[in-house]
1. Please work out which residue is modelled with the lowest pLDDT, limiting yourself to segment 63-118 and to residues that are under 24 Å from LEU10 (Cα atoms), surrounded by 10 or more Cβ atoms within 10 Å (Cβ to Cβ) and small (Gly, Ala, Ser).
2. I'd like the residue in segment 1-53 that is part of a strand (DSSP E or B) and β-branched (Val, Ile, Thr) and, out of all such residues, is modelled with the lowest pLDDT.
Amino acid sequence: MTAELEPVVLSWMEDAVGGRVLAATLVTSGGRLGYAVEAERDGEKLELFLQRGRAGPASGASFMDFERQAEVYRALRPLGIPIPRVWGVDVGLNVFLVDRARGITWFHAPKDHDEAVS
């Protein structure tokens with residue numbers, strides 16, 4: 001489902017990967033909106049992650065903006081550090097698109113009452 005994303009963001013993602021966005025699902029991503037994105041390019045399935053920036057007066061509250069974050073990712077990757085590939089950054093749209101990393105997000109809502117209590 002991609003209904004939550006504006007057409008301009010979907011179009012930007014398709015341009016960034018040189019393919020087609022098949023789905024984008026909202027996921028927990030620690031204080032900012034994030035989406036698990038499924039895309040296809042030349043028959044290859046891509047599992048991506050779209051990070052949205054904060055809106056409003058707190059938008060600059062992050063210690064690192066997306067341009068700087070992309071710069072760090074691009075510097076670390078050739079050194080063999082396992083870090084997602086950067087597909088694109090758009091300051092005007094306030095988005096950052098990378099390969100999806102495997103793992104769990106620490107910032108998630110409790111699954112049930114027992115987890116909430118613990």
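1. Result: ALA101.
2. This residue is VAL27.
The values are calculated or read from the model by the stated rules, or taken from the named source; none is laboratory data. All figures in this text were calculated on a predicted structure; none of them were measured in a lab. Reconstructed Cβ throughout: ideal geometry from the backbone, glycine too, with neighbour counts over all protein chains shown.
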